Amino acid sequence: MKRRFVLAVRMPDYGIASRTRRRGRLAASFMFCVRSLGDRGQRIRLWPWLSRKFLMTDPLQPTYDCSTEWRPMAPENLDGSPMATRLSVVTFLHAGGVTASLRGLLPELQTRGYSITVIGINRDGAVVRLDLAQFLEYRFPAVSPRWDNSLAQMTRRLASIVCPSRLWAKVFSLPLATRKELISSIEDVSQIALFTHPRLAIGVVQGMPAGIVVLGQFHNSFSAGRASGELLEISRGYRNVDAIVMLTSEDAAAMSEFTRGSLPVRWAPNAHSRPALEHLPNPEPGKYVYLGRIVRQKRIDLLIKAWAQAKLEHCQLWIVGSGETRRLSNLAKRLGVDASVNFSEHSEFPEGVLATAQALLMTSRHEGLPMTVVEAAFVGTPTLAINCAPGVAYVVRATNGVIVNSSSSKRFAVALAKLAQGPATNDERLERIAGASANFSPEAVADRWEILFGEARRHRAASLK
């Protein structure tokens, strides 16, 4: 598939010159402006950024009178009983980890009296509105992120450095018709709106009625957002929300410093339901598993190198997931471990795969709060992971796993060999399950979200006075 990279020379005669000067001399001379098009963002082309329309007012700016649009958050029925709070969740339906965490959290919130509607953008870019039952039954295909290829990641980082934030928002926001449809859908069913990605909120939050409480969630670590340029999306999409919700306390502290305290920043982990296993199977001797997407971000090549260096006898590494495996299989052959490295398609029942493994292995470059580690903990399987983000360290330590504070394949191989010497006992597996339930069960996470909803309500009420 063709890939095009365009370098545009920018003259300082336009109205955004003063903003670009603040970003250095390079920004005053050059601007990298890219937009992802087509399936999975494999093609890149120049957006017509020289147009004056980038300097125009956003057509979705709010025109509502706050005094008339305010609606109470918990109205009462005629008999005095509290009415169910209407919660809308705006999300990308093809994001595997995000939808998995929502499937764990939303049913618990419904049992607590929330009326839930999922407003999603599907893989074709269309707006889909689902009730909770439809959302739980439908299977959305998880796809690779738009910026998973290396060329797109490089150009995105350059663009995030030199592009003014307003121009960045114009380029990477949803189409105008999609934003209008999102606003219309949210107005119909919402008292609280939860956005799971800042790109969904750009130009949408500003056009919503002032009485709707808005929370913006970021399903990645702060450091990964800074490296990928997503912090600019947060600064544009979440600037008018009542709370930004990160995955860990460390990420929340970093985001609060980034926003300079202008917005409340809180944190809440992902939720995961306990798997419906009739009994806990015993791990197969010598079986180690990687489970997830097979993409460069996961650094599976580093995992295979560490596997070769560990030299474990009578052991098998299973790489389970969807993606291109030819390069990895060739690497295993060159290292002489092709007989012990196996590839398998993504499983519809990951808990069954994880329950029979001695350990889950993770060597990602960056993560948010990986659901695979939580899934492994719920079946008592330990995780050996590189400490690439606060979310990884938090979830691995909370479930009695092992953290490697280095990206070296040799260090990971040493930790893997040490882990292989002492398989987990039944008591350790039960302790790991208890740790996962205490921190990541829907009940525990829903308690935290209800506190966040209350804080966001008070913030919205104070802003309307």
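The values are calculated or read from the model by the stated rules, or taken from the named source; none is laboratory data. Computed from a predicted structure; not experimentally measured. Every residue, glycine as well, gets a Cβ built from its backbone with ideal geometry; the counts of neighbours run over all protein chains shown.
The set of residues in region 351-390 that are modelled with pLDDT under 90, among the small types (Gly, Ala, Ser) and farther than 17 Å from SER441 by Cβ comprises GLY352, ALA355, GLY368, ALA389.
If the condition is being more than 27 Å from GLU431 (Cβ to Cβ) and surrounded by fewer than 16 Cβ atoms within 10 Å (Cβ to Cβ), then region 256-300 contributes GLU257, ARG260, GLY261, SER262. If you check ILE212 against the conditions, is it at pLDDT 85 or above, over 17 Å from the mean Cα position of the chain (by Cα), under 30 Å from HIS272 (Cα atoms) and not charged (D, E, K, R)? Considered against the rule, which asks whether it is at pLDDT 85 or above, over 17 Å from the mean Cα position of the chain (by Cα), under 30 Å from HIS272 (Cα atoms) and not charged (D, E, K, R), ILE212 comes out as yes.
Summed over region 185-216, the residues that are of a type in the set (A, V, I, L, M, F, W, C) and either in a loop (DSSP other than H, G, I, E, B) or closer than 14 Å to ILE121 by Cβ (or both) give a count of 9. With a requirement of 3 or more residues that are in contact (Cβ under 8 Å) with a residue 60 or more places away in the chain, the strands (runs of 3 or more DSSP E) lying completely within region 343-435 that satisfy it span 359-362. Count of region 225-251 residues, restricted to those that are closer than 15 Å to PRO390 by Cβ and buried (at least 21 other Cβ atoms within 10 Å of the Cβ), is 6.
Within region 395-436, restricting attention to residues that are surrounded by fewer than 16 Cβ atoms within 10 Å (Cβ to Cβ) and of a type in the set (Ser, Thr, Tyr), the residue that is nearest to CYS315 (Cα to Cα) is THR425. All of GLU450, GLU428 fail the test of being more than 30 Å from THR111 (Cβ to Cβ) and acidic (Asp, Glu), apart from GLU428. Region 217-314 holds strands (runs of 3 or more DSSP E) entirely within its bounds, and those carrying 1 or more residues that are at negative phi and of a type in the set (Ser, Thr, Tyr) map to 287-291. Is one or more of the residues making up region 289-296 β-branched (Val, Ile, Thr) and out of contact with any helix residue (DSSP H, G or I) (no Cβ under 9 Å at 6 or more places or on another chain)? Yes: region 289-296 contains one or more residues that are β-branched (Val, Ile, Thr) and out of contact with any helix residue (DSSP H, G or I) (no Cβ under 9 Å at 6 or more places or on another chain).
In region 448-458, the qualifying residues are those that are over 16 Å from SER249 (Cβ atoms) and of a type in the set (D, E, K, R), and the one that is surrounded by the most Cβ atoms within 10 Å (Cβ to Cβ) is ARG457. Residue-level analysis places LEU328 among those that are in a helix (DSSP H, G or I) and not assigned by TED's automatic domain parsing to the domain that holds GLY97.
Restricting to region 215-237, give me the number of residues that are in contact with a Leu (Cβ under 6 Å, 6 or more places away or on another chain) and either more than 16 Å from LEU263 (Cβ to Cβ) or at pLDDT below 90 (or both).
1
In the condition set (1) surrounded by fewer than 22 Cβ atoms within 10 Å (Cβ to Cβ); (2) within 27 Å of VAL395 (Cα to Cα); (3) hydrophobic (A, V, I, L, M, F, W, C), ALA377 is compliant with all but (1).
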